[in-house]
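Inspection log for the structure reproduced underneath, given as structure tokens.
The values are calculated or read from the model by the stated rules, or taken from the named source; none is laboratory data. Nothing here was measured: the structure is a model prediction, and the numbers come from that model. Note: ideal-geometry Cβ built from the backbone for every residue, glycine included; neighbour counts use all protein chains shown. These accessible areas exclude ligands, DNA and RNA; they are computed on the full protein's heavy atoms, side chains included. Shrake-Rupley method; radii C 1.70, N 1.55, O 1.52, S 1.80 Å.
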Amino acid sequence: MKDFNGKTVLLTGASGGIGRHIARLFAERGVNLALAATARSEEKLTALAKEVASAGAQSMVVTADITDAAQRSEMIRQAEDRFGPVDILINNAGIEEVMAFHLLTEENLARIIEINLNSPLALAREVLSGMLERRRGSIVNVSSLSGKVPVAYSAVYSATKAGLIAWNKAMGDELAGTGVRMSVVCPTYVAGEGMHAAYGVAAPKLAGEVTPEAVAKAVLRALEKNVSEILVTAGPMRPLLAIRELFPGFENFLMKRIGMGDFLRRRAEGAERSRQSENHGRGA
Ligand SMILES: NC(=O)c1ccc[n+]([C@@H]2O[C@H](COP(=O)([O-])OP(=O)(O)OC[C@H]3O[C@@H](n4cnc5c(N)ncnc54)[C@H](OP(=O)(O)O)[C@@H]3O)[C@@H](O)[C@H]2O)c1
């Protein structure tokens, strides 16, 4: 896709660290932006809508808990009533719970899978029929490098992100020749803003971090160049992934060497301390 002008873009996770940068970049392309997050972020979305309007995009705020089927449909209806059929769906909303797997409650477990995997699939399902009839449309899914290289203390998160990558691959083949495209963007740790930055523990230097702007650019590039899968990493990653396939022990060696195990443990301990102080604040 080359011409974005006047296209209807539905962006989930627009209130978050990466979502805001995607919105800003797409605003410069003159799209009509439906900015989505939950109702608790309405103020943030309204401020962002004003900002992107001044950059030349038409924008609106749509709030929904994407795990709720009725709210999902209503969100799409509102966006389409205002701007016309969704041309581009950007499945960017997501959550991460950093903790040992056995400590997750069943509710935690279900919620991570619902938000990160089931809901993007359900949203795509809802807009796809129209796209196929019109023989045009694109869906970009924001996954994570942890879908390729799963990480400890984020095991369910990694599994959902791997699920998105597998689904995207299968759909790419299924959609061939239909005029509808699907892509996945897999960023490593993002510095400065967003869910990783919120934990306050920097990733090891050799693992590297990227900017939210780099992720936003990758989303745009996926659409512009019809790229099925983009890894957003600080250095070349595909050769390492290929070596890992050939020599499975290599990954453990490398993870240890660059200090990933220690980093992941410190992150999990920090997350546990925050949960305890939140519970303490609530008088639990
Ligand atoms: N940050 C990183 O290092 C990193 C690395 C790799 C991949 N990613 C992926 O990039 C995407 C964006 O991450 P981020 O760092 O920008 O996260 P973030 O700052 O924590 O923002 C998460 C976004 O998801 C929305 N969301 C969460 N639960 C929702 C629900 N039930 N219904 C609707 N919206 C919901 C949030 O809305 P509310 O504000 O209303 O809760 C928010 O807009 C995620 O898919 C994440 O997995 C992030």
Rough spin-label spacing in nm, given labels placed 7 Å along Cα→Cβ, for residue 238 and residue 111: 3.8
- prompt: Using the Cα gyration tensor of region 206-284, with a ≥ b ≥ c the square roots of its eigenvalues, what is the shape: rounded (a/c below 1.5), prolate (a/b larger than b/c) or oblate (neither)?
  reply: oblate
message: Rolling a 1.4 angstrom probe over the protein chains, ignoring ligands and nucleic acids, what is the accessible area of residue 46 in square angstrom, nearest 10?
response: 60
task: Work out how much length residue 205 to residue 265 would gain on full extension: take 0.36 nm times their residue separation and subtract the Cα-Cα distance, in nm to one decimal.
output: 20.0 nm
message: Can you tell me, using C-alpha contacts under 8 Å and at least 6 residues apart, the relative contact order of the chain as a whole percent?
response: 17
message: With the alpha-carbon atoms as the only input, what is the per residue convex hull volume for region 24-86 in Å³?
response: 73
field: Cα-based Kirkwood hydrodynamic radius, region 8-236, one decimal, Å
entry: 17.6
query: Between residue 50 and residue 198, what FRET efficiency comes out of the Förster formula 1/(1 + (r/R0)^6) with R0 = 30 Å and r the beta carbon distance, rounded to 0.05?
result: 0.75
- prompt: Pick from 205, 169, 148: which residue has the top mean-square fluctuation in a GNM of the chain where Cα pairs under 10 Å get a spring?
  reply: 205
field: Cross-link table 205/256; 2/217; 217/256, entries beyond 21 Å C-alpha to C-alpha
entry: 217/256
query: How much of the accessible area of region 8-236, probe 1.4 Å, is carbon plus sulfur, in whole percent?
result: 53
message: Let me check I've understood the local charge: for residue 232, count other residues with C-beta under 14 angstrom from its C-beta, Lys and Arg +1, Asp and Glu -1. What total comes out?
response: +2
message: Given a 1.4 angstrom probe, what's the average accessible area per residue across the chain, in square angstrom?
response: 48
task: On a C-alpha basis, how far is the centre of region 136-209 from the centre of region 88-116 in Å? Whole number, if you could?
output: 13
message: What percent of all Cα-Cα pairs in region 97-180 falls into each 10 Å bin, going from 0 up to the bin containing the maximum distance?
response: 17, 43, 25, 12, 2
